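Worksheet: the structure to be examined is printed underneath.
The values are calculated or read from the model by the stated rules, or taken from the named source; none is laboratory data. Keep in mind it's a predicted model, so treat the numbers as computed, not measured. Virtual Cβ from ideal backbone geometry, glycine too; neighbours counted across all protein chains shown. When the accessible area is computed, the model is the full protein with side chains, heavy atoms only, and any ligands, DNA or RNA have been set aside. Shrake-Rupley method; radii C 1.70, N 1.55, O 1.52, S 1.80 Å.
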Amino acid sequence: MTRPQDDMESCFEKEPLELQRLAMALIFTRWWNSYKHMAPEEPTPEIIGTAIELLWDYLEKKCGDKEFDRFQRSFYEAARVTVFSFIGEDSLKKDPESEAFYQAHCSQWESKSYNDFFIWLATLLEDIAGKDGYPLYWLPVEYLLFNDIETMIDFFETIYQGGRVDPNDPLSGLKRREREIYNTPTFARVIALLQQDMRAALSDTPLAELRAKYRDEYLFSPEESAKISHIGRG
């Protein structure tokens, strides 16, 4: 069996880098539109929404390479320190702009449910800034799909929560749980929307039209998203 990351990468490996970037922007925009309504007990980190908007500006050539690269470097360094505590602190000290960015947006971080989305969006932006004609890595999509979004299915479907079901297989409970998740209508919808976003990237629709349309595209509706009280491993 191939990894989902490999399957997604193979769909775009012969496509121009611009379309790979667009596919990522569409997927992460849809997901963020839902994420920002989740975990209502935690403040929504506005800097993530700012990063999504800047990515669109970059795609539409309203933001130059130098501005985008400067932002993504600070965003990535701030995400590393925020999510992994002391990792990256030396880099901050060597880069005053990243240090100022961290102090402005992350020094009082109280949004742990957004940690996974934060670090993987930062990884994506770094990959976009660093690639010139080479395929993008789809690991950020795969990770969030199977570590964050997969766990959200529990808020909409009844999924097995018990221990092992086969005394000879310590992972049998986890395997049963995964099978049940992947067979739910909710997870099927998640995959269908992912495929829809990938097709949209290949549709020759003008960027401005897609950007406007995706302001109101969701993984889960705002009302559904508000039911999700804690996300991932924050």
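Give me the percent of the accessible area of the chain that comes from carbon and sulfur atoms, probe 1.4 Å, all protein chains in place.
Of the solvent-accessible surface of the chain, carbon and sulfur hold 51 percent.
Helix hunt in the chain: which complete DSSP H runs extend at least 18 Å axially by C-alpha with mean Kyte-Doolittle at least -1.0? Intermediate values should be presented prior to the final figure.
On the way: long enough: 17-35 (26 Å, 0.21); 46-59 (20 Å, 0.92); 65-84 (28 Å, -0.72); 115-130 (23 Å, 0.85); 185-201 (24 Å, 0.38).
Taking the DSSP H segments of the chain (at least 18 Å long, mean hydropathy at least -1.0), we get 17-35, 46-59, 65-84, 115-130, 185-201.
For the chain, what is the calculated [θ] at 222 nm in deg cm²/dmol (nearest 500), taking -39500 (n - 2.57) for each run of four or more DSSP H residues and dividing by its residue count? Present the calculation step by step, with values, prior to reporting the outcome.
Details: 12 runs with 138 residues, N = 234.
-18000 deg cm²/dmol, from helical runs alone.
Give the whole-number value, in cubic angstrom per residue, of the convex hull volume spanned by the C-alpha atoms of segment 155-219.
Hull volume over Cα atoms, normalised by residue count, gives 101 Å³.
Could you put D65, D95 in order of accessible surface area, largest first, with the 1.4 Å probe and the full protein assembly present? Don't jump to the answer; show the numbers that get you there.
Numbers: D65 110, D95 30 Å².
Reading off the accessible areas and sorting them downward yields D65, D95.
In the structure displayed, which of K36/K94; K14/K61; K62/K112; K66/K213; K61/K213; K66/K93 lie more than 26 Å apart, Cα to Cα? Working shown, then result.
Working: K36/K94 32 Å; K14/K61 23 Å; K62/K112 32 Å; K66/K213 28 Å; K61/K213 19 Å; K66/K93 21 Å.
In this structure, K36/K94; K62/K112; K66/K213 lie more than 26 Å apart at Cα.
May I ask for the net charge around S172, where only other residues with Cβ less than 15 Å from the Cβ of S172 are counted and Lys, Arg are +1 while Asp, Glu are -1? Can you show the working numbers first?
Details: positive: R164, K175, R176, R177, R179; negative: D166, D169, E178, E180.
That works out to +1.
Give me the dipole magnitude in Debye, nearest 20, for segment 64-195 about the Cα centre, with unit charges on the beta carbon: positive for Lys and Arg, negative for Asp and Glu. Could the numbers behind the result be given before it?
Working: 14 positive and 23 negative charges, 63 e Å.
For segment 64-195, the charge dipole is close to 300 debye.
Normalized C-alpha radius of gyration of segment 54-184, against 2.2 N^0.38 Å? Write down the numbers at each step before the final one.
Working: Rg = 19.1 Å, N = 131, 2.2 N^0.38 = 14.0 Å.
Here the Cα radius of gyration is 1.36 times the empirical estimate.
Quick one: putting +1 on the C-beta of Lys and Arg, -1 on the C-beta of Asp and Glu, what dipole do you get for the chain around its Cα centre, in Debye to the nearest 20? List each step's numbers first, then the result.
Numbers: 27 positive and 42 negative charges, 54 e Å.
Roughly 260 debye, rounded to the nearest 20.
Suppose we keep just the alpha-carbon trace of the chain; what are its Rg and Dmax in angstrom?
Gyration radius and largest Cα-Cα distance of the chain: 18.4, 59 Å.
In whole Å and largest first, what semi-axes does the C-alpha gyration tensor of segment 1-71 yield when each eigenvalue is scaled by 5 and square-rooted? Mind dumping the intermediate values first?
Numbers: eigenvalues 120, 84, 16 Å².
They are 25, 20, 9 Å, listed from largest to smallest.
Could you provide, to the nearest whole Å², the per residue accessible area of the chain with probe 1.4 Å? Mind showing how you got there, number by number?
Values: 12010 Å² over 234 residues.
I get 51 Å² per residue for the chain.
Once Lys and Arg get +1 and Asp and Glu get -1 on their Cβ, which of F187, F117, G49 lies farthest toward the positive end of the dipole of the chain?
Working it through, the farthest residue towards the positive pole turns out to be F187.
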